[in-house]
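No value in this document is a laboratory result; all are computed from the given coordinates. None of the values given here were measured: they were computed from a predicted structure. Every residue, glycine among them, receives a Cβ derived from its backbone with ideal geometry; neighbour counts consider all protein chains shown.
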Amino acid sequence: MSIAASNTSMRVPAGFQNLLEGLAREVLREQPTNVVAFAAQHFQKLLEQREAGGTDPVAWGAMLED
């Protein structure tokens with residue numbers, strides 16, 4: 001089954017690029033043996049920061065991208 005090519009363009013959600021760049025930076029800095037587990041911990045920390053009333057990394061990243 002083939003899917004016809006379409007002219008639709010997909011956009012990355014605001015702040016997503018910044019989140020991925022931050023993760024990539026931390027992976028390169030820490031050099032973890034299990035990148036998936038490291039990523040889960042990284043995003044869990046960011047979520048805890050947001051829930052604690054600190055900065056929201058997604059909103060902050062979206063502002064940087066504008």
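Figures for the structure shown
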quantity	calculated
Under 15 Å, Cβ to Cβ, from L23 - net charge with Lys/Arg +1 and Asp/Glu -1	0
Peptides ranked, highest mean first, by Cβ atoms within 10 Å: ranges 11-20, 44-53	11-20, 44-53
